[in-house]
Structure formats: structure tokens, C-alpha cells
Amino acid sequence: MSKSDLVNYIAEETGFTKADSARALEAVMGGIVKGLKEDKKVTLTGFATFTAKERAAREGRNPRTGETLHIAASTAVTFKAGSKLKDALN
């Protein structure tokens with residue numbers, strides 16, 4: 001399902017216009033990003049938990065040349081499915 005498919009689904013389920021549905025989806029995604037930046041964790045009870053984890057800088061290798069290179073520190077996002085999501089899929 002693409003973002004536009006999700007906007008269409010929200011519009012059908014709620015009766016909102018597609019423009020309102022797109023703004024609502026953008027607001028939810030923006031809220032998740034803000035929560036990860038500020039608190040490092042966003043929990044949508046029963047659905048999922050998003051967590052921001054710091055990854056340290058490290059040395060890596062180019063698999064083609066074997067050359068050693070530096071990989072900068074970064075922040076990765078992890079996703080853990082909640083019980084309602086798991087139940088819905090099984």
C-alpha cells in the first residue's frame with residue numbers, strides 16, 4: 001500500500017476529503033518524527049513501538065576492493081509490532 005492508497009483509505013473510512021486525509025496522515029507522521037527526536041520513543045499502544053537508537057561510528061570495508069572506510073555515527077529507527085497488530089495479521 002502506498003501513501004496515496006493510505007490517504008484514499010482514510011478518506012473512505014472517515015468521510016474526510018482526500019486533502020484533509022493527507023493533512024491528517026502528514027500530522028501523524030510528523031508527530032512520530034517529533035516524538036523520536038525528542039523522546040527517542042513513540043508507543044501506539046496495541047499497534048507498535050518506534051524507537052530511535054544511536055549507532056556508533058565504525059570501520060567498514062568495501063566488499064569489491066577490500067578498502068577500509070569510515071562509517072559515520074547515525075540514528076536508526078526500530079519498529080516493534082504490538083499485540084493488536086500481530087493478532088490482526090495471524
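Each reported figure results from applying straightforward, stated rules to the coordinates on display, with no laboratory input. What you see is a predicted model, and the numbers here were worked out from it, not measured in a lab.
Geometric descriptor of the chain, per residue, is 165 Å³ (volume of the convex hull of the Cα atoms). Between helix 3-14 and the chain there is an angle of about 30 degrees, using the helix long axis and the longest principal axis of the Cα atoms. Taking all Cα pairs closer than 8 Å and separated by 6 or more residues, the relative contact order of the chain comes to 20 percent.
Cross-link check: pairs Lys3/Lys40; Lys37/Lys86; Lys40/Lys80 evaluated at a Cα-Cα cut-off of 18 Å; pairs beyond the cut-off: Lys3/Lys40; Lys37/Lys86. Rank Thr65, Thr14, Thr51 by mean-square fluctuation in a GNM of the chain with C-alpha springs under 10 angstrom and give only the top-ranked residue. Of Thr65, Thr14, Thr51, the Gaussian network model singles out Thr65 as fluctuating most. The C-alpha atoms of the chain define a longest principal axis, and helix 18-39 lies at about 40 degrees to it.
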